[in-house]
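Asks: Okay, here's the structure, questions in a sec.
The values are calculated or read from the model by the stated rules, or taken from the named source; none is laboratory data. This structure is a prediction, so every number in the text was calculated from the model and none was measured. Every residue, glycine among them, receives a Cβ derived from its backbone with ideal geometry; neighbour counts consider all protein chains shown.
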Amino acid sequence: MNTEKKVGIAFFVGIILLMALTFWVGKIRVFESGYIIKVNFSQIGGLKRGDTVTLAGMKVGRVEDFDVKNNKIQVSLWIKKETILRQNSAFSINDVSLMGGKYVGITMGTTDSPVLKPDSVVDGVDPYQLHQLFTKAGEISETIGNLTKKVERGEGTAGKLLTDEELYKNTSEFMKSAKETSDKAQKVIDEFEGIGTEVKETVKTIKKIVKKIDKGEGTVGKLIYDEELYEDARKTVKSAKSASEDAKDVLGKMREIKTWLGGESVYSAREGSFRNKGYIRIEPSDDKYYLVGASKLGTGNSKEERYKTEYDVQLALKFFDNNLTVRGGLINSGAGLGADYMLPDKKTFITVEGHSAIYSSPFFLRTNLSYKIWEDRSYYVIAGAEDILDNPSFIAGIKIEYNDQDIKYLVGLMGAAR
């Protein structure tokens with residue numbers, strides 16, 4: 001049997017195994033015991049299966065399933081067996097960060113309140129979502145735009161003050177009248193010289209101020225007559241509106257992007273050494289990601305061939321509620337294709353991948369099972385087999401991943417250490 005037929009048979013068998021495991025495992029939870037609480041919400045704002053459930057900030061479960069009941073979204077929460085919830089505990093959906101993600105938060109409740117029994121149905125608290133804040137900001141920006149247009153059309157008090165020609169004429173006439181009044185007052189002062197020098201000088205000062213305003217001089221004169229000042233004010237309002245819309249668009253895109261840093265160390269019985277790999281995974285949306293990485297692989301016993309560097313550049317797409325991921329691109333420096341399937345317990349993953357080989361047979365095929373050993377962190381143990389088509393051998397190791405929130409936390413700790 002040639003290599004092409006072996007590859008086809010191996011991938012076909014791998015897909016059948018994935019489908020069989022789906023129906024066989026069902027909703028069995030590995031090494032876990034707990035109970036279900038159902039919570040009704042008017043809207044869930046992007047909450048997904050597998051998202052975290054916390055009690056006063058401590059992780060106690062995950063989102064299990066969704067259903068529609070009595071015009072509400074009924075969210076099934078799987079809660080650890082030892083966790084005690086009270087009937088007056090509050091359930092709410094919250095944002096993990098501006099970068100995206102949701103979780104269900106639960107308050108402790110009071111000790112005098114009865115314990116919430118398994119399979120109880122309660123009403124959740126509908127939070128004021130972050131996207132509603134952005135919507136409100138957009139409405140404020142639109143209101144500012146409408147106000148600017150009204151001012152430009154001469155509507156409202158501010159618009160009339162800036163565009164009403166009649167008001168300008170009345171102001172000009174008032175200035176002239178004030179000037180005439182000042183002149184008459186000057187004549188009266190001249191006739192009554194005994195009133196005093198200070199009063200006379202004050203009137204002269206007022207007269208000078210009125211003349212400057214009438215000529216458009218000084219701060220007040222420029223405010224009344226300077227057309228350029230009016231144009232600058234109008235442009236400033238437009239610029240503020242544009243900046244608000246741009247900021248809203250940028251923040252909306254940024255919070256959808258997720259970034260993961262990962263590393264794994266896997267022992268290969270065939271090579272008698274470890275494959276140490278580091279990578280970065282960028283998820284612009286929930287249904288796809290990009291992965292770039294490099295690994296050091298032991299390939300022989302001689303000093304010259306002991307270690308070889310291999311590279312990964314992959315594009316991945318997710319299907320079936322993100323339970324099945326199909327990857328393609330450069331795998332271990334060879335053209336390849338892979339598939340990762342997440343079992344219903346949200347902690348166990350089955351991987352099948354193959355690629356054109358550089359240091360072994362023409363096509364290299366491996367499969368492994370990885371299990372998440374710590375609920376609050378992405379730490380995994382790995383076991384499986386590689387080079388299945390020609391020289392099957394055992395592999396085992398560990399894998400660690402950190403998301404953008406973990407990275408921010410680690411950077412903060414390093415800054416505090418200084």
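Asks: Anything in segment 250-276 that is more than 30 Å from PRO392 (Cα to Cα), at pLDDT 75 or above and loosely packed, with under 13 Cβ neighbours inside 10 Å? List them, or say none.
Replies: none
Asks: Here is a further query. Restricting the search to segment 369-385, which residues are of a type in the set (A, V, I, L, M, F, W, C) and either surrounded by 14 or more Cβ atoms within 10 Å (Cβ to Cβ) or under 16 Å from PRO344 (Cα atoms) (or both)?
Replies: From segment 369-385, those of a type in the set (A, V, I, L, M, F, W, C) are 369, 373-374, 381-383, 385; that's our starting set.
Selection gives LEU369, ILE373, ILE382, ALA385.
Asks: If you don't mind, there's one more thing I want to ask. Restricting segment 91-123 to residues that are without any contact (Cβ under 8 Å) to a residue 40 or more places away in the chain and surrounded by fewer than 14 Cβ atoms within 10 Å (Cβ to Cβ), which is nearest to GLY57 (Cα to Cα)?
Replies: If we take residues in segment 91-123 being without any contact (Cβ under 8 Å) to a residue 40 or more places away in the chain and surrounded by fewer than 14 Cβ atoms within 10 Å (Cβ to Cβ), then THR110 is nearest to GLY57 (Cα to Cα).
Asks: Please enumerate the residues belonging to segment 364-401 that are farther than 17 Å from LEU297 by Cβ and either hydroxyl-bearing (Ser, Thr, Tyr) or in a strand (DSSP E or B) (or both).
Replies: Scanning segment 364-401 gives THR367, LEU369, SER370, TYR371, LYS372, SER378, TYR379, TYR380, VAL381, ALA383, ILE400, GLU401.
Asks: Search segment 280-293 for residues that are assigned by TED's automatic domain parsing to the domain that holds LEU330 and pair each with any residue that is in a loop (DSSP other than H, G, I, E, B) when their beta-carbon atoms are under 8 Å apart and the residues are at least 6 apart or on different chains.
Replies: Qualifying pairs under 8 Å: ILE282/ILE257; GLU283/ILE257; PRO284/GLU256; PRO284/ILE257; SER285/GLU256; ASP286/LYS48; ASP286/ASN322; ASP287/ASN322.
Asks: Shifting gears a bit: Among the numbered criteria (1) out of contact with any strand residue (DSSP E or B) (no Cβ under 7 Å at 6 or more places or on another chain); (2) modelled with pLDDT of 90 or more; (3) within 29 Å of ASP249 (Cα to Cα), which one does ASN146 miss?
Replies: (2)
Asks: Considering ASP376, ASP390, ASP345, which residue is in the same structural domain as SER273 (by TED's automatic domain parsing) and at pLDDT 85 or above?
Replies: Just a single option satisfies the conditions, and that option is ASP345.
Asks: Could I ask something else about it? Within segment 277-286, take every residue that is among the charged types (D, E, K, R) and out of contact with any Phe, Trp or Tyr (no Cβ under 8 Å at 6 or more places or on another chain) and give me the one that is nearest to SER333 (Cα to Cα).
Replies: Only one residue tops the list, namely LYS277.
Asks: Now for a different question. Where residues in segment 54-64 are without any contact (Cβ under 8 Å) to a residue 40 or more places away in the chain and surrounded by 14 or more Cβ atoms within 10 Å (Cβ to Cβ), which of them is nearest to GLY34 (Cα to Cα)?
Replies: GLY61
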